[in-house]
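Before any comments, here is the structure.
A short reminder: the numbers here are calculations on the coordinates, not readings from a lab. Keep in mind the model is a prediction, meaning the values are calculated, not measured. Glycine also receives a Cβ, built like all others from the backbone with ideal geometry; neighbour counts cover every protein chain displayed.
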Amino acid sequence: MEIIVFSETRSVIEAFSGLSRKGKCDVSFMKIGELRKGLGGLAPDSLVYLDISRMDDVALRKALRMLSGNNGLRYAVIDPKNAIRDAGALFHGGACDYVCRETLRDGLTEKRVRRAAGFRKSDAPETGPEGAGSRTTYKPSGRDWKEIRPGQEYTFCFMFIELDNLKESKKVFGDANLSNPIEPFLRHVERSISPAGGRVWMWTDYGAIVLFPFDGRRCEAVLSCFKMILGRKVFSIEESGFNAMVSYRIVLHIGNTVYRVKGETGMLVADSLNSIFHLGQKFARPGNFYLTDEVFAFTPSALRDFFVPAGGYEGREILRMRLPL
Amino acid sequence: MRINVRLRDLLTQALVESMSVDMMVMLVQRFIPYYNLQERTGFPENMSVPNRDAARQIISDIRDNRLVLQFAALLVVMHTEGLMGRRYVIPHMREIMAEIHGAGFVFDREFHTFVEDSRIRRTRNWGILVEGQEYVFTFLSLDIVGNTALVREYPEETIKATYGDLRGIVQRSIERREGRLWNWEGDGGLVAFYFAKKFNAATLSAIDILHDLFLYNRLECRLKSPLCVRLAVHGGPCEFRHNTEDIVSDTINRTLEIEAEHTRPNTVTVSNVVYLALDPLLQEMLYPLPASDRSILHGYELRWEE
């Protein structure tokens, strides 16, 4: 576990330096001004301590928002001036430790820091055998596609998306005419997934399997899909060409697969791929958006209350997004 | 639009090679009533003006009257669809289109006119509206709820950054739909829509802004409580002025009135004029509001399944 202390206060640096010398903790120090930059490249199991003694209310709120919005990251607050009145609120916001003036003066111990780290379980990778209902041994593919090589196994966020009610649509439009309304839908999918780094991996008859790189820290695919559900009616009216409300279902899941480039996936066998197809084709109800519990752990906290339990499937807990009316 | 020599020559050539002088005069009189070719060229009344001289003079006058885009658009329509029941083959049409496109304009088939290519530039008159002329617009008015209290409560940088974010949301939404921000003050603004399905575009922009703002409030907002706005959509005639702040219009006043007096925070209110012109699917998204003073209004708000 790596501990990163954002502080320029001498007493804080001394307290944590002592910890570093005595214990087995790997402590590094950064300036508070480098907070945003510093959060960028942290290992998933890192623990961040933030010194707030030189922050005003606005800066503090901003920093806490940054920390709590960094899915999966554990963080704690150092308050050498005992300026915080409601320390409990920090924990409600996702902090795992609070170091006040007295604690700092008495000295920090390795035991305390480990206990703090254990207080809020990291959303970082858990290990276990790959298979139905079990957690995956994550092999993060990174934040983008730069390091991803064909033939290697990686963890991705898988997205299943497909148009609903195709039998009815075929009746309305006819087989030959169905390709016209499908084209705008496919363009809509591509446009919606690209900001989060998603790429269509396989086209199905009326939808697609999309891969998002996954770095073990955050899953921006959730927001992309959330926006697709939120904007479904606007898309139907404005772009679909159906002249009717377009209904599609979406499923997100995190799992491993050997990566093959698009078009060379015919012989690919992966449990995650089976899971996402099963969920999309057998479990998902029309017009809905589902997450597996693996994905939910990486869902931005501000959006979590929009997901409700939808039961289990193949040993996994599934959550469904509450739909906009 | 600045007309270059090549475009001027192409238009002249197109007239010379495709029509008689009488036809040229008939076309130019559509834009400049009582246009007198003899008088303009200096030829006596009893002499016919040579074809090339006529074309050169007409194009020159069209250019001086800043009517090149409208005139070129008429040639495109004559070439593609015909005029008064007759098709014309206008030579050099491809080159003329390319020149105009190079200047940042594209041909709008629905409106039969050239409009500015929004990927290249965006002006308040879409490149073609003429000062003092009356057009039918759809307006979208947006106002931040509790602006005064927010300004008092938060530091200036926080307010500036938050309102800047909101402006970004508004601009992204309207520019996708060919809307133009005519006026943006600290606590809101006025957007005009003129092209395409302007009623749909304005209403969809308002809904889109509400959705984006919902996510912004959840994920990024710097304020302790969510940023709330009121949005209203109304349409009607309005005289265009390049300085849009100077425009005085009943349609704009009514839009502002609907927004200020009949719109709840974080909702969109649509006037009946606009509602009746919307796609049925979009009408279904709106609900009727309790009858107000002098018209029927419809509303939209983001509601969630329990």
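Observations on the model:
- Cα point-scatterer Debye curve for the stretch A:183-325, base-10 log of I(q)/I(0) at q = 0.11, 0.14, 0.15 Å⁻¹: -0.40, -0.66, -0.76
- Sequence-distant contacts, meaning Cα pairs under 8 Å at least 6 residues apart, place the relative contact order of the stretch B:1-62 at 42 percent.
- Rg ratio (alpha-carbon, reference 2.2 N^0.38 Å) - the stretch B:1-153: 1.35
- Bridge orientation summary for the stretch A:232-325: considering DSSP beta bridges with both residues in this region, about 75 percent are antiparallel.
- Taking a sphere under 13 Å around the Cβ of A:Ile276 and counting the other residues whose Cβ falls inside, with K and R at +1 and D and E at -1, yields a net charge of -1.
- Packing rank of A:291-304, A:54-67, where each peptide gets the mean count of other beta carbons within 10 Å, highest leading: A:291-304, A:54-67
- Rg then Dmax, both in Å and based on the Cα atoms of chain B: 24.1, 84.
- Mean-position separation - Cα centroids, the stretch B:26-105 and the stretch B:214-233, in angstrom: 52 Å
- Separation of the B:Asp9 and A:Glu110 label points, Cα + 7 Å toward Cβ, nm: 8.5 nm
- P(r) tail, the protein assembly as shown: Cα-Cα pairs separated by more than 48 Å, 32% of all pairs.
- Footprinting exposure proxy for B:Lys197, A:Lys227 (fewest neighbouring C-beta atoms within 10 Å first): A:Lys227, B:Lys197
- Pairs exceeding a 27 Å alpha-carbon distance, out of A:Lys233/B:Lys197; A:Lys233/B:Lys224; A:Lys146/A:Lys233; A:Lys111/A:Lys139: A:Lys233/B:Lys224; A:Lys146/A:Lys233; A:Lys111/A:Lys139.
- Looking at the stretch B:1-62, the GluC sites (Glu not before Pro) that sit in a DSSP loop and have at most 14 other Cβ atoms within 10 Å of their own Cβ are B:Glu45.
- Each of A:Trp203, B:Trp184 has some number of other Cβ atoms within 10 Å of its Cβ, and from fewest to most they run A:Trp203, B:Trp184.
- Residue order, fewest to most surrounding Cβ atoms within 10 angstrom, among A:Glu8, B:Glu185: B:Glu185, A:Glu8
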